[in-house]
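The values are calculated or read from the model by the stated rules, or taken from the named source; none is laboratory data. Quick caveat: nothing in here was measured; it's all calculated off a predicted structure. Here the Cβ positions follow ideal geometry from the backbone for every residue, glycine too, while neighbour counts run over all protein chains shown.
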Amino acid sequence: MAAAGAQIYLPVRNRVLIASADPLFRLRAMKKAVFADCDYEQAVGGAHALAKLKQITCTNVLLDRYLPDLDSEELAKLIQKRYPQITVGFLDSKLAEEFKPGEKHVGVTPGAIASQEDLPAPNENSLSCIASIGVPAPEEPLEGMIGSSAVMQQVYRLARMVARRDTTVLITGETGTGKELVAEAIHKMSPRCRHPFVVVNCAAIPEALFESELFGHARGAFTGAIQSRLGRAHMAQGGTLFLDEIGELPLSMQAKLLRFLQNGEVQRLGSSDVYRVDVRVICATNVRLTDLVHAKHFREDLFYRMAVFPIAVPALRDHPQDVGALANHFLSKLCSDIGVPKKWLTAAAHDSLFRARWAGNVRELQHVLERVFILSGNDLEIIPANFNIGMNNLIES
């Protein structure tokens, strides 16, 4: 590493990957003259940087000293081990460490990227500047959710756009991706947040009991109905009714649900009385409803009535750059729940998680981290060896 006062070198017309959680800092670093003869890529954290390096060819990597998910020193060693042709340097809000010397370089003074204060100050046009180079202002995660990738930010953005309306929402995604968290976040951001959020798991209710469970029943409506009972739709009055696994809804109930969605009317089983309820409906499914429609297992008119505003929650394999942040979150929670010192993933351990096939998505990752937490005993560092037990079918060779 070059001594203080030495020149910093950057290759001419090479590609630089800048990894920092701060979009303004990345923007202001790229606007420095030192990058004039370089192409650049951006990463929001260490995991994102590893994902980028698998997709593109870079000659240099600039790492923020304070990455949100990985230790920058460990990450630098991992990158140099895996990509020995890449030169790794550091950025810091207080100081910068120089690039290692190389061939065909352009020299600049150490102050060129030495501090955040030395970079151009942000102004009222900062956000428009970011947008103009394709870096949108980051969207805050929804309550209870982790992840800063572009596909997850799209989920956050859509959820916030629809939250204050009564529009029916259809949330799609594989099992374990967090569909219920999205639904609950929409409810909490809506004007209905002070009223109930009622969950109905359509896959867990027998067909014979479904109508009674959803719309209620009158006394004597069937054997064992010794008293009248309100259904889940009534219980959600003023709030949100969340119909999970809607693809499992029996055909016999689909026409009644369609009527309910159209006019908000509820008729209890065994009663001629019709009640009007004020609820917002959010549905979720882990199957392709269009396939069920084509197979005549799901009503087409009900599908279009539910899918007014669809939100697709991506599988974990579609945003692997979020694995590190999710893993650190689960580890921190496990430690705080039992009051032990905080544990952390080494860069090599994170790389093992990054290469895993997460068929169970975030839920599977959470369970694996709990198992690894137990296997690590009193060790504060989580290393790849901790993943050996029970993960042979998960980690790619």
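The table for this structure:
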| quantity | calculated |
| --- | --- |
| Options Ala204, Ala208: the member that is of a type in the set (A, V, I, L, M, F, W, C), modelled with pLDDT under 95 and not in a helix (DSSP H, G or I) | Ala204 |
| Considering residues of the range 46-70 that are surrounded by fewer than 17 Cβ atoms within 10 Å (Cβ to Cβ) and part of a loop (DSSP other than H, G, I, E, B) only, the residue nearest to the chain's Cα centre (by Cα) | Tyr66 |
| Residues within the range 330-361 that are of a type outside the set (S, T, N, Q), touching a residue at least 40 places away in the same chain (Cβ under 8 Å), assigned to a helix (DSSP H, G or I) and touching a Phe, Trp or Tyr at 6+ places or on another chain (Cβ under 9 Å), tallied | 2 |
| Residue within the range 274-294 that is closer than 22 Å to Gly231 by Cα, assigned by TED's automatic domain parsing to the domain that holds Thr240, over 34 Å from the mean Cα position of the chain (by Cα) and surrounded by 13 or more Cβ atoms within 10 Å (Cβ to Cβ) present | yes |
| Residue in the range 295-307 that is surrounded by the most Cβ atoms within 10 Å (Cβ to Cβ), counting only those that are free of Cβ contacts under 8 Å to residues at least 60 places away in the same chain and not in a loop (DSSP other than H, G, I, E, B) | Leu302 |
| Close pairs from the range 247-272: first at pLDDT below 80, partner part of a strand (DSSP E or B), Cβ under 6 Å, at least 6 apart | Gln267/Val274; Arg268/Gly216; Arg268/His217; Leu269/His217; Gly270/His217 |
| Conditions (1) modelled with pLDDT of 90 or more; (2) closer than 28 Å to Lys52 by Cβ; (3) crowded, with 20+ Cβ neighbours inside 10 Å; number of the one not met by Val151 | (3) |
